[in-house]
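First comes the structure, then the notes that go with it.
The values are calculated or read from the model by the stated rules, or taken from the named source; none is laboratory data. Bear in mind that the values here come from a model prediction, so they are computed numbers and not experimental data. Cβ atoms come from the backbone with ideal geometry, glycine included; neighbour counts cover every protein chain shown.
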């Protein structure tokens, strides 16, 4: 036993394993959770962060059309830029996804979870030397909730009725109780700006660990260490250079030739080649993003639950993960939540490829003739291949699927959420409530499966204001079962975030929140010479 | 001494070398669109000539340039109309494509109102045209920055790269072309031919990847990525563009080189070249001083086309080398239907093509006295 746990501890020291993985494997070997926790901490401490150096990132996703205003940040590139120069009120704990303090020191809900009081941190300075006040926070949140706002966080902020300052505290009044409110404030658009960014939303002045020294949209961004940073456990490198690299081969060439330290979006098809480079580590993190095949529950022939079930059983999930994700992902279970979410309902039986059951339900549905599936490569990487694989696995169950390839241009406006059966993807949301409210609530704009169920809506709203976690978890189980067994969602796979870094990069945190260590990659790592 | 042009001295001998070149002349002169219109003016109509007609007679070159400029403006106008129509015809407008999957009806409506997309297409086109005629290309819909300012930077980068690719590839192409003529059908000619054919047959991104693989990844002597930015010194910039320049040179070299070779070979069979040979001049001197000047017209046309390509057609090379040029800028803009940027980029590209073609025509006329005095 000691040999194995020592090995695990060494993996932690080498940065090859995170807390979650360590605990899981140690527990499987009969170590108690408490003991494993201590071991992890000892092992992790062995890596002392080094300060200094120039960190270079080569990232996909930048465009000349990127806006400096964090409210309008859409691309992966701007996501990281915002995390470098700004702070939100709340952050999510990388390994558990629980809310932890950032610019808000602490918070307290009212009994119905409809009024929240946030204590704002004192003595924090913006890059221009001004001190952070409650007023800046109020103005920021107001700017993102304004009716005319073009903020990407508009959907998240919709339920906030009133934003006010109360002494040194921020008070938020909601239209209805929401136990997850702190997590909603971790949204990367909600960077706290001086005077809420009303004077100059494009100034890129915040309270973050790095100051912006230059920015050219779609080309490059550079940063220097903020000497007045209010936190000492981040911002290890002196300067950061982010280079826009939209070509996958260019990113791999830049990393393997040592020109950059870190790249994002490694194509699963080329991971095995990149692994051969002796100076490179592959960093894959389980994510909440998922690739989906969506049917409209209210449109013939998909208004028949037996046909929906038949199509669900006809999906060969293992093959999808192997062929489409190159093994860098996990199988899905037809509801949009996985174990990276807080309050994940464990123990729901995994749906597997079962041609017999598929054939049974297909026969019961009485449907005949081909089922038209629309797809395009913009739906998710490899979507067309996935559709063809699905066509093959369904054929074995006697179901004929006709795959129609649509142009990528305009796919999101003409096909997705318009046609009754198509392929798509979903990025993760900070909470289960957010995920369900965005796409499974009857009234949601993006209810792309036309899942119109008043009983589901009722549980969702009840769970939202429920502060008792055990009860909430039970409600989430009921909801998951409803979507899984009666919804229009076929969810074959959750995709891992696959990034890669030079071996010089240490301290990478596999954050379950989002890609690239939840955008914090540059503020969390250090360079070993 | 290579014996090429001396195949049939008997037939050639009666003609005075160079004094009265045969009417068929060097290839390519008939590509000049303007010459027919000029030559329709018959000398018999001298008395009833309009002022424009007299001007054409007096300085045909200036008249040609003026005519071309007027035509260019009409062409640019047509181009702007076509770009506008093209972008309109694409599925989805700016509001829906910019927001992508995260579009809500409310946000789409906000953006459409904000940008005036709810107005009819004709109104929007004339509004844009009105601004453009006054030199105002507007602001980018996506980034809300001034289009002219952003294009200035990107165009500068594109021209910088194109300039260095051109000053290396053009002399090299012409030099190699002459060498190939000098050593025609011998080893050197064949090596040059095979090499240039190989370079032209490989797709440009592949040439780029090969160069990156060898010089940046394996040998580690070249700078990659080729991102350039404001605070860079000239030497840093030059080292950054070394690989993309090399790629572009390889891509355009063969085309120009082969045209040079063919055009000179065409002239090499004329009688005056033979005379030069009989005078005892060296082979390379004949090619450079006597044959090349008469072969210049088609070569100039090919060079103009390649120069235009170097400015407007290199988006793939830009992406592979992460070089912030115009091509990438326009592609980004088309992706989100950012009309002001697409229009401005399209016009600049069209202007380059027109300008380079006009320059090529004018140079061809200057190089060939017969075209200067149309009958």
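The table below lists the values:
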item	result
Residue A:449 vs. criteria more than 14 Å from every other protein chain (Cβ to nearest Cβ), part of a loop (DSSP other than H, G, I, E, B) and out of contact with any helix residue (DSSP H, G or I) (no Cβ under 6 Å at 6 or more places or on another chain)	yes
Of the criteria (1) within 14 Å of another protein chain (Cβ to nearest Cβ); (2) touching a residue at least 60 places away in the same chain (Cβ under 8 Å); (3) farther than 26 Å from residue A:285 by Cβ, which one residue A:116 fails	(1)
Odd one out for residue B:45, checked against (1) under 34 Å from the mean Cα position of the chain (by Cα); (2) more than 14 Å from every other protein chain (Cβ to nearest Cβ); (3) in a helix (DSSP H, G or I); (4) modelled with pLDDT under 80	(1)
Matching residues, the stretch A:412-432, being under 22 Å from residue A:329 (Cβ atoms), facing another protein chain (nearest Cβ under 9 Å) and either out of contact with any strand residue (DSSP E or B) (no Cβ under 6 Å at 6 or more places or on another chain) or surrounded by fewer than 22 Cβ atoms within 10 Å (Cβ to Cβ) (or both)	A:425, A:427
Residue that is farthest from residue A:227 (Cα to Cα), among those in the stretch A:34-60 that are modelled with pLDDT under 85 and in contact with a helix residue (DSSP H, G or I) (Cβ under 6 Å, 6 or more places away or on another chain)	A:36
Residue, farthest from the other protein chains (Cβ to nearest Cβ), within the stretch B:137-178, restricted to residues that are more than 24 Å from residue B:324 (Cβ to Cβ) and surrounded by fewer than 19 Cβ atoms within 10 Å (Cβ to Cβ)	B:175
Residue match in the stretch B:79-94 (condition: over 30 Å from residue A:63 (Cβ atoms), at pLDDT below 85 and surrounded by 14 or more Cβ atoms within 10 Å (Cβ to Cβ))	no
Those helices (runs of 4 or more DSSP H) lying entirely in the stretch B:321-375 with at least 3 residues touching a residue at least 40 places away in the same chain (Cβ under 8 Å) and buried (at least 24 other Cβ atoms within 10 Å of the Cβ)	B:326-335, B:339-367
Flag if residue B:316 is within 14 Å of chain A (Cβ to nearest Cβ), in contact with a helix residue (DSSP H, G or I) (Cβ under 8 Å, 6 or more places away or on another chain) and crowded, with 24+ Cβ neighbours inside 10 Å	no
Which listed residue, of A:254, A:277, is within 10 Å of another protein chain (Cβ to nearest Cβ), assigned to a loop (DSSP other than H, G, I, E, B) and within 19 Å of residue A:529 (Cα to Cα)	A:277
Criterion violated by residue A:246 - all others in (1) more than 22 Å from residue A:527 (Cβ to Cβ); (2) within 14 Å of chain B (Cβ to nearest Cβ); (3) in a helix (DSSP H, G or I) satisfied	(3)
Exclusive hit being surrounded by fewer than 23 Cβ atoms within 10 Å (Cβ to Cβ), in a loop (DSSP other than H, G, I, E, B) and out of contact with any strand residue (DSSP E or B) (no Cβ under 6 Å at 6 or more places or on another chain), set A:443, A:478	A:443
Criterion violated by residue A:263 - all others in (1) within 14 Å of chain B (Cβ to nearest Cβ); (2) under 24 Å from the mean Cα position of the chain (by Cα); (3) surrounded by fewer than 24 Cβ atoms within 10 Å (Cβ to Cβ) satisfied	(3)
Counted residues, the stretch A:116-138 - those being assigned to a strand (DSSP E or B) and over 15 Å from residue A:206 (Cβ atoms)	4
Single match in B:238, B:265 (criterion: more than 14 Å from every other protein chain (Cβ to nearest Cβ), assigned to a helix (DSSP H, G or I) and either in contact with a strand residue (DSSP E or B) (Cβ under 9 Å, 6 or more places away or on another chain) or farther than 23 Å from residue B:368 by Cβ (or both))	B:238
Check on residue B:109, modelled with pLDDT of 80 or more and away from chain A (no Cβ under 12 Å)	no
